[in-house]
Amino acid sequence: MKVLDAGHYYELAALDGDSGIQRLQFVKREGAKFPGNVGHCAGATSQEVLRVLIDRAFYVNNQIPCWQTRLSIYLMGAVVWLYEHRAAKRHKREAPGFYAATLGEICATCGHVGCVGGCR
């Protein structure tokens, strides 16, 4: 893993390809709610990347089931829930439940579960 823009843009090692790299970009916003950010760009949230990893873990576990993969699915879901709980607190709304946070529909404006678009 190589950091291209701390907290926002990364180069990941890739297997079985010509380039040997994949890029991962997180959303970057500017303003009072985002101290230290200079510049802005579209990208994913940490929660969304974790949801991808959860989906992949389900897929891999269906290939070769094991308790370690099942536990990792639960733990990644817990991390998503913690991020969504934090966001709900910041936006002064009720936090989603565990499964809603992990599998629920996200707001197109802020990217969080349980928001109805009045978040910004």
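If you filter the stretch 36-62 down to residues that are assigned to a helix (DSSP H, G or I) and of a type in the set (G, A, S), you find that the one that is surrounded by the most Cβ atoms within 10 Å (Cβ to Cβ) is A57.
Within the stretch 1-57, being of a type in the set (D, E, K, R) and touching a strand residue (DSSP E or B) at 6+ places or on another chain (Cβ under 8 Å) holds for K2, D5, E11, R23, K28, E48. Out of the residues in the stretch 63-112 that are among the β-branched types (V, I, T) and either free of Cβ contacts under 8 Å to residues at least 40 places away in the same chain or exposed (fewer than 12 other Cβ atoms within 10 Å of the Cβ) (or both), state the one that is nearest to K33 (Cα to Cα). My answer is T109. Tally time: how many residues in the stretch 15-35 are surrounded by 13 or more Cβ atoms within 10 Å (Cβ to Cβ) and either in contact with a Pro (Cβ under 7 Å, 6 or more places away or on another chain) or in a loop (DSSP other than H, G, I, E, B) (or both)? Residues in the stretch 15-35 being surrounded by 13 or more Cβ atoms within 10 Å (Cβ to Cβ) and either in contact with a Pro (Cβ under 7 Å, 6 or more places away or on another chain) or in a loop (DSSP other than H, G, I, E, B) (or both): 2 in total.
Coordinate-derived values only; no laboratory data. Because the structure is a prediction, the values reported are computed rather than measured. Quick reminder, even Gly has a Cβ in these numbers, built from the backbone with ideal geometry, and neighbours come from all protein chains shown.
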